[in-house]
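Structure, as structure tokens:
Taken together, the values in this text are just the output of simple stated rules run on the coordinates, not laboratory data. The model shown is predicted, which means the values in this text are computed figures rather than measured ones. We place every Cβ from the backbone using ideal geometry, glycine too, and count neighbours over all the protein chains shown.
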Amino acid sequence: MQQITTLTEFLEAGNLKPRFYDMGRRIIPLPRDQFLSFEQTETAYPHPLQQQAWIALLMQPDDDEAQEDPLIWFIRFPLDEQGKLLQAARDDFMFQLLERLGSALAPTEQRQEIESALEQSPYAFQPKQDRLAAFHARMTVELNLDPSRYYEHAITYFDGDLGWDQWSFIGYQGIADIAARYAVDGNTQRISSAIPHLPPTALEALCHCLENEVIPATIAQALLDRALDSLMSPTQDPQIITATLRGISHSESMGLRHQLIGHVLEHTIAQRSDVLAAIAGRLWEDLSIDDLRGRFLERLAENEAGQDFFNQILADLLYLSATRPYLLGSLRDPDRSENLSKAIGSFFAHIKGE
């Protein structure tokens with residue numbers, strides 16, 4: 001009998017079909033082979049956040065006739081300095097499960113034991129309500145299930161029939177369902193037409209869900225236009241800027257994403273820590289573009305929160321394998337400003353403990 005050494009093998013040996021999702025920067029499916037490679041420390045975690053891997057596992061019995069609802073786990077594992085799994089943590093988690101369940105995992109019979117074991121585990125976490133709503137909306141789409149009971153009410157609101165000021169009566173789950181189902185029921189046009197009219201808080205809720213979806217250019221253009229309207233107004237609304245940055249961040253249209261980042265970085269609002277955090281946390285992939293990365297770093301160096309915020313954001317980005325090589329090149333750029341050079345020097349002094 002083959003020895004079980006990974007969580008993936010452990011679950012599959014228990015007659016489960018696990019699906020893996022990153023829950024950190026956005027909700028992203030993780031292919032089985034990619035997750036297994038991470039478990040075997042062959043590759044770094046692709047999207048670390050705060051030096052941890054934030055993972056959702058959705059598991060169904062490997063039986064087409066099984067009627068059990070899928071099991072959902074939310075777990076986080078610490079990573080080493082290279083972004084790879086600390087296997088001792090994963091092994092500890094598996095040991096805790098085995099101690100409660102034994103060597104055979106049978107979810108139809110042991111569901112309560114599984115849930116109880118997770119409640120006691122230091123590796124379990126509870127996502128924030130907005131992220132949880134977005135995850136559940138995504139799952140209903142992927143499992144071909146009906147949306148929540150809030151979906152139809154949300155459609156009525158996004159059609160403008162209830163009045164745009166009535167957003168607080170719309171269940172957040174309905175907004176998440178609309179975002180996850182952007183490609184059906186006429187929702188692409190419905191969302192695009194609503195974006196210019198949504199109050200800032202309603203727009204923010206929508207964008208926190210859209211950030212998980214590969215939205216089409218139609219929706220991305222509406223978000224860009226809404227952001228530009230705010231940037232050109234006498235009093236810019238940072239809530240609108242951070243929301244639209246997040247909402248457009250996973251768009252299939254790189255050109256529109258880059259336009260929005262560029263316009264924001266040209267504006268003094270880019271000195272705000274919440275705006276810079278939105279770019280670093282959701283649009284990190286676009287910082288591979290030399291011009292955008294250079295302007296971002298200059299704005300980061302003059303951010304309103306000071307050196308500690310600069311250190312925090314830069315350290316987080318350097319931990320990402322997708323941005324690290326580009327950032328290292330920029331940190332060595334002899335043409336960087338004196339202000340940025342000073343901030344970088346202070347960053348490395350902090351790293352060295354001086």
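Calculated mean residue ellipticity at 222 nm for the chain: -16000 deg cm²/dmol, from DSSP H runs with n ≥ 4 weighted as -39500 (n - 2.57), summed, divided by the residue count and rounded to 500. Backbone phi angles across the range 70-83, fed through the Karplus curve with coefficients 6.51, -1.76 and 1.60 (θ = phi - 60°), yield HN-Hα couplings of x, 7, 10, 10, 10, 10, 9, 10, x, 10, 7, 5, 9, x Hz in residue order; Gly and Pro are listed as x. Taking every C-alpha pair closer than 8 Å and separated by at least 6 residues, the mean separation divided by the residue count of the chain gives a relative contact order of 11 percent.
Counting only lysines at least 8 places from residue 342 when in the same chain, those with an alpha carbon closer than 18 Å to its own are 352.
Select one label from [x] 20.1, 63; [y] 22.0, 70; [z] 20.3, 70: the one whose number is Rg and Dmax of the Cα atoms in Å as derived from the coordinates shown. Given [x] 20.1, 63; [y] 22.0, 70; [z] 20.3, 70, the calculated one carries the label [y].
Straight-distance candidates among the lysines for linking to residue 128, with alpha-carbon spacing under 29 Å and chain neighbours fewer than 8 residues away dropped: 17, 84. Put simply, when 239-247, 313-321, 327-335 are sorted by average Cβ atoms within 10 angstrom per residue, most first, you get 239-247, 313-321, 327-335.
Just to check I understand the Karplus step: with θ = phi - 60° and J = 6.51 cos²θ - 1.76 cosθ + 1.60, what whole-Hz values come out for the range 206-218, glycine and proline as x? Here the 3J(HN,Hα) series is 4, 5, 5, 8, 5, 4, 8, 10, 7, 5, x, 4, 4 Hz.
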